[in-house]
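> The structure is given below, and queries will be raised subsequently.
The values are calculated or read from the model by the stated rules, or taken from the named source; none is laboratory data. Because the structure is a prediction, the values reported are computed rather than measured. With ideal geometry, Cβ positions are generated from the backbone for all residues, glycine too; neighbour counts draw on all protein chains shown. Just the protein is used for accessible areas: all its heavy atoms, side chains included, with ligands, DNA and RNA removed. Shrake-Rupley method; radii C 1.70, N 1.55, O 1.52, S 1.80 Å.
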Amino acid sequence: MKNSVGREIPEYIESYGQVKPFDGALANYGERTKTSVKLRSVKPGDNKLVETIDEVLDKVGIRDGMTVSFHHHLRNGDFVLNLVMEAIAKRGVKDITVAATGIFKIHEPLVDYIKSGIVTGISVNYIAPGPVATAISKGLLKKPAVLMSHGGRPRAIESGDLHIDVAFIAAPTADSYGNMNGVQGKAACGTLAYAVSDAQYADHVVAVTDNLVPYPACPIEISQDYVDYVVKVESIGDPNGIVSGTLTVTKDPVGLRIAKLAAQVIEATGYIKEGMSFQTGAGGTSLAVAAEVRRFMKEKNVVGSFAAGGITGYMVDMLNDGLFRSLFDVQCFDLKAIASMRDNPKHQKMSGSLYGNPHNRGAVVNNLDVMILGATEIDTDFNVNVVTGSDGIIIGASGGHNDTAAGSKLAIVVTNLTKGRLPVVKDQVTTVTTPGETIDVLVTERGIAVNPARQDLIDKLKDTDLPIVPIEELKNIAERLTGKPEPIEFSDQVVAVVQYRDGTVIDVVRKPL
Amino acid sequence: MKINKAAQAGALESSDVLVTVEPNPEGGIKIELETKRVIQKQFSKQIEKVILETAEQSGVEDVLIKAQDKGALDYTFRARVQAALQRASI
């Protein structure tokens, strides 16, 4: 069958089940029921502190077919996923589903567990290009991987679509009764936002820490009433992989031109205004957009209500300069962001659900005015791919892409028109991650295209000297530069299911031949 | 044009290509393209055609052309192949 973005998807996928096809970004709102939670209540005098991960596995009764969850606040410095999976593998337990909010290069040991059938399922909302993504693309995983968004995952957990048997939460600091925070300890990472839904809904919740402090571990982010066990290990992560070095504005002239054009679009469409809200990524071009927006805000003397997302030192500077009244932070990218979140009450953390879940009583993305997004590919209907490279190999997952695009009033994709030899604007993207109906403007170095559905924006931009062109023209320019790519051939085997944030299937990834 | 020795043009920088040419004792124009898999799959035929045409237009009959590609566009391939052939024919 075809879904509403025209993608051919099976009605039923083996080991995934019946497919609910994507039917529009706003098709699935209304009354919702959250799933119930099973827990073992803790009586006075009970001890939660456990000596080893192995002992934890005994206590939670780890067995074949369970789903265990992990969270990527330690990013490429995370040791916890590997530590736990190694202990599980040693026991000969198999058919495990790993529900991780993020998978990085450091998680390469998963590939062997996939090959040996210890891990047969993966659900993930951010995945870095690398060994695990490639193994999934090759079809080594027994069940198709499920790719979600940062808001879609908490939705799936809260609705019961994704049941977590055991959540292992990396805690940079914890006390022996399960209170955790991410702002102290040698693996300090800032917020633990992605783990919050798991803590609330998993059958068993385990805090894994290398910094056990006397009770209580204030400032508490995830509290004791959600936590069954606490286990101390030597190290939960490598600080060098946890925080990024200083993330700076790009020096690439093409990136700077794109950023300038994007900021001019924001200004010309009236979004540089008192109380504005803004989100951008941590990449060089995204930060360059922030720098240009900052200039306009200063010129016009406006103060924004908030900036959101993964927070970098650059956004902290904007907060401290008085350009925004507050920050909403789902992930701290650098030490400056961690310190700010710890010390400044205007720097507010938000859980993954608060950030982007479409089925709660309103996520922060709904309050966003302007969102700056990237793209691996974008088609002439403005559908965006951030999941697969042009060769069909998995290189990412939505992250907050389709959440923020849906919520924000002005969703702008900024990208080079070509990346090396590869055209970015195409007739058809390899995989749809974010539907074109939620993308408003595409800004490239060779022109700006406005989604025809946004006549209001077209009207506001038509009397400016900005280079507004139809998106088809950008596609033609890209093809003139690179030549027309030969189509990639795929087998019928579905290796990953791409869920939209509401749990419907927006596309599938088939194994490339 | 006769290829007398090995010569290079270009660079292993992003969006460029390093072209190495040398005499081909077996005769004919032989092309070796090294590039990223994603480019190989979608553009290798087109790139090999551009290299072959550029060599033929230079009047070369026997040459081994090795192209180490970092995402170069057609005009870059033409320029680098021409330059390498010129250098090899001096």
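> Determine if region A:106-113 includes at least one residue that is under 28 Å from A:Gly356 (Cα atoms), assigned to a strand (DSSP E or B) and open to solvent by less than 20 Å² (accessible area, probe 1.4 Å).
Looking through region A:106-113, none of the residues is under 28 Å from A:Gly356 (Cα atoms), assigned to a strand (DSSP E or B) and open to solvent by less than 20 Å² (accessible area, probe 1.4 Å).
> Residues to consider are A:Asp492, A:Asp507, A:Asp459, A:Asp463; find the one that is among the charged types (D, E, K, R), away from every other protein chain (no Cβ under 14 Å), surrounded by fewer than 18 Cβ atoms within 10 Å (Cβ to Cβ) and part of a strand (DSSP E or B).
Matching residue, one of A:Asp492, A:Asp507, A:Asp459, A:Asp463: A:Asp492.
> So is B:Lys45 free of Cβ contacts under 8 Å to residues at least 12 places away in the same chain and either open to solvent by less than 70 Å² (accessible area, probe 1.4 Å) or part of a loop (DSSP other than H, G, I, E, B) (or both) or not?
Working: free of Cβ contacts under 8 Å to residues at least 12 places away in the same chain: yes; either open to solvent by less than 70 Å² (accessible area, probe 1.4 Å) or part of a loop (DSSP other than H, G, I, E, B) (or both): no.
Judged against the criteria, B:Lys45 is not a match.
> Quick check on A:Ala87: is it of a type outside the set (Asp, Glu) and outside any helix (DSSP H, G or I)?
no
> Those residues that are within 14 Å of chain A (Cβ to nearest Cβ) and either open to solvent by 10 Å² or more (accessible area, probe 1.4 Å) or in contact with a Ser or Thr (Cβ under 8 Å, 6 or more places away or on another chain) (or both), I need them from region B:51-61; list them, please.
Selection gives B:Glu53 alone.
> Could you check how many residues of region A:397-455 are under 22 Å from B:Leu73 (Cα atoms), open to solvent by less than 10 Å² (accessible area, probe 1.4 Å) and in a loop (DSSP other than H, G, I, E, B)?
Summing the residues that are under 22 Å from B:Leu73 (Cα atoms), open to solvent by less than 10 Å² (accessible area, probe 1.4 Å) and in a loop (DSSP other than H, G, I, E, B) in region A:397-455 gives 5.
> I would also like to ask the following. Scan region A:173-196 and tell me whether some residue there is open to solvent by 10 Å² or more (accessible area, probe 1.4 Å) and outside any loop (DSSP other than H, G, I, E, B).
Within region A:173-196 (the criterion being open to solvent by 10 Å² or more (accessible area, probe 1.4 Å) and outside any loop (DSSP other than H, G, I, E, B)), the answer is yes, since at least one residue qualifies.
> Another question about this same structure. Could you look through region B:62-78, keep only residues that are outside any strand (DSSP E or B), touching a residue at least 40 places away in the same chain (Cβ under 8 Å) and open to solvent by 40 Å² or more (accessible area, probe 1.4 Å), and pick out the one that is farthest from the other protein chains (Cβ to nearest Cβ)?
Keep residues of region B:62-78 that are outside any strand (DSSP E or B), which gives B:62, B:70-78.
Of the ones still in play, those that are also touching a residue at least 40 places away in the same chain (Cβ under 8 Å) are B:62, B:70-73, B:76-77.
Adding the requirement that they be open to solvent by 40 Å² or more (accessible area, probe 1.4 Å) leaves B:62, B:70.
Values: B:Asp62: 28, B:Lys70: 7 Å.
Per the stated criteria, the residue is B:Asp62.
> Pull up region B:12-27, narrow it to residues that are open to solvent by 30 Å² or more (accessible area, probe 1.4 Å) and over 11 Å from B:Lys66 (Cβ atoms), then point me to the one that is farthest from the other protein chains (Cβ to nearest Cβ).
This residue is B:Pro25.
> Still on this structure, I have one more. Among strands (runs of 3 or more DSSP E) lying entirely in region A:198-287, which contain 1 or more residues that are more than 30 Å from A:Val68 (Cβ to Cβ)?
Once the strands (runs of 3 or more DSSP E) in region A:198-287 are filtered for at least 1 residues that are more than 30 Å from A:Val68 (Cβ to Cβ), what remains is A:277-279.
> Being more than 14 Å from chain B (Cβ to nearest Cβ), under 28 Å from A:His359 (Cα atoms) and touching a Phe, Trp or Tyr at 6+ places or on another chain (Cβ under 9 Å): is that true of A:Gly407 here?
no
> OK, next. Looking at A:Thr415, is it within 11 Å of chain B (Cβ to nearest Cβ) and either in contact with a His (Cβ under 8 Å, 6 or more places away or on another chain) or modelled with pLDDT of 95 or more (or both)? Walk me through how you get there before you give the answer.
Details: within 11 Å of chain B (Cβ to nearest Cβ): no; either in contact with a His (Cβ under 8 Å, 6 or more places away or on another chain) or modelled with pLDDT of 95 or more (or both): yes.
For A:Thr415, the condition - within 11 Å of chain B (Cβ to nearest Cβ) and either in contact with a His (Cβ under 8 Å, 6 or more places away or on another chain) or modelled with pLDDT of 95 or more (or both) - is not met.
> Return yes when B:Lys30 is away from chain A (no Cβ under 14 Å) and buried (at least 16 other Cβ atoms within 10 Å of the Cβ) and no when it is not.
No; evaluated as a whole, the condition is false for this residue.
> Filter region A:45-81 down to the residues that are aromatic (Phe, Trp, Tyr) and assigned to a loop (DSSP other than H, G, I, E, B) and list them by number.
Residue satisfying the conditions is A:Phe79 alone.
> Have a look at A:Ile164, A:Ile127 and point out the one that is surrounded by 19 or more Cβ atoms within 10 Å (Cβ to Cβ), in contact (Cβ under 8 Å) with a residue 60 or more places away in the chain, in the same structural domain as A:Thr67 (by TED's automatic domain parsing) and out of contact with any Ser or Thr (no Cβ under 8 Å at 6 or more places or on another chain).
None of the others qualify; the one that does is A:Ile127.
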